[in-house]
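The values are calculated or read from the model by the stated rules, or taken from the named source; none is laboratory data. It should be emphasised that the depicted structure is a prediction, and the values quoted were computed from it without experimental measurement. Glycine also receives a Cβ, built like all others from the backbone with ideal geometry; neighbour counts cover every protein chain displayed.
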């Protein structure tokens, strides 16, 4: 099964139709979708309606606002049918202890959280945006404090790649996608260097002996017309690094299934 782990959608029939056509073109069976448009009224509800129309294709994530939502909201999201949550543009660093009750509840509800990481896109109506609050190192503290919470970091932390890759190595409950500009500006050799512990000529392993390729998710995070382009970038990465069929299957789908549904240890 191929899963696109990072898709924005306003939930409109027009966008969903185009998304599913783009997915079909590259062989994607399911997509994790979320609506982070704060200017839209009830974005989570509109996204859920779209997911209900396509339950076999869309995996809905709620937009979690740590500065305003409470643990009760997470329970409500779960009752609505959301599988996980997306977080972006917080007023504090992701690992601020005031957010910890939310993460604790997410772990209890078995709802993974996808965090935007690194530089964030410009938005004229955005207020108090600070990319430094969204650095990948903040996920390290969260994953250590809540080992039963499954965490998905976006963009391999762009531009803080080393923080992201080493956090992945030391936390079995942490995954990363390579969406954004990473696969355009960085070479396969650069990424191979970040995931160095896949080579078996040394005693250094990942947390719980997790292989680095088991930590990478296929995710596009682009307009529908660019989905195929990002897919091709992932294929090129796998080809250039001679990644085996086993690990290609993991990157393009199996890792996402584990992130979503694997039993929390």
Tell me, which residue of the range 206-221 that is in a loop (DSSP other than H, G, I, E, B) and touching a residue at least 60 places away in the same chain (Cβ under 8 Å) is surrounded by the fewest Cβ atoms within 10 Å (Cβ to Cβ)?
-> 221
What do you reckon, is residue 163 within 19 Å of the chain's Cα centre (by Cα), farther than 24 Å from residue 82 by Cβ, at pLDDT 95 or above and surrounded by fewer than 18 Cβ atoms within 10 Å (Cβ to Cβ)?
-> no
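Given the residues 139, 114, 102, which is the only one that is surrounded by 20 or more Cβ atoms within 10 Å (Cβ to Cβ) and more than 16 Å from residue 174 (Cα to Cα)? Let's see the steps before the verdict.
Details: 139 fails: more than 16 Å from residue 174 (Cα to Cα); 114 fails: more than 16 Å from residue 174 (Cα to Cα).
Going through 139, 114, 102 in turn, the sole match is 102.
Being in a helix (DSSP H, G or I) and surrounded by fewer than 18 Cβ atoms within 10 Å (Cβ to Cβ) narrows it down to one residue among 226, 247; which is it?
Numbers: 247 fails: surrounded by fewer than 18 Cβ atoms within 10 Å (Cβ to Cβ).
Of the residues listed, the single one that is in a helix (DSSP H, G or I) and surrounded by fewer than 18 Cβ atoms within 10 Å (Cβ to Cβ) is 226.
Filter the range 73-95 for residues that are free of Cβ contacts under 8 Å to residues at least 12 places away in the same chain and surrounded by 15 or more Cβ atoms within 10 Å (Cβ to Cβ) and give the result.
The first filter runs over the range 73-95 and keeps only residues free of Cβ contacts under 8 Å to residues at least 12 places away in the same chain, leaving 73, 76, 79.
Across the range 73-95, the qualifying residue is only 73.
Is it true that residue 203 is farther than 22 Å from residue 260 by Cβ and either outside any helix (DSSP H, G or I) or over 17 Å from the mean Cα position of the chain (by Cα) (or both)? Please lay out each step first, then the result.
Values: farther than 22 Å from residue 260 by Cβ: yes; either outside any helix (DSSP H, G or I) or over 17 Å from the mean Cα position of the chain (by Cα) (or both): yes.
Considered against the rule, which asks whether it is farther than 22 Å from residue 260 by Cβ and either outside any helix (DSSP H, G or I) or over 17 Å from the mean Cα position of the chain (by Cα) (or both), residue 203 comes out as yes.
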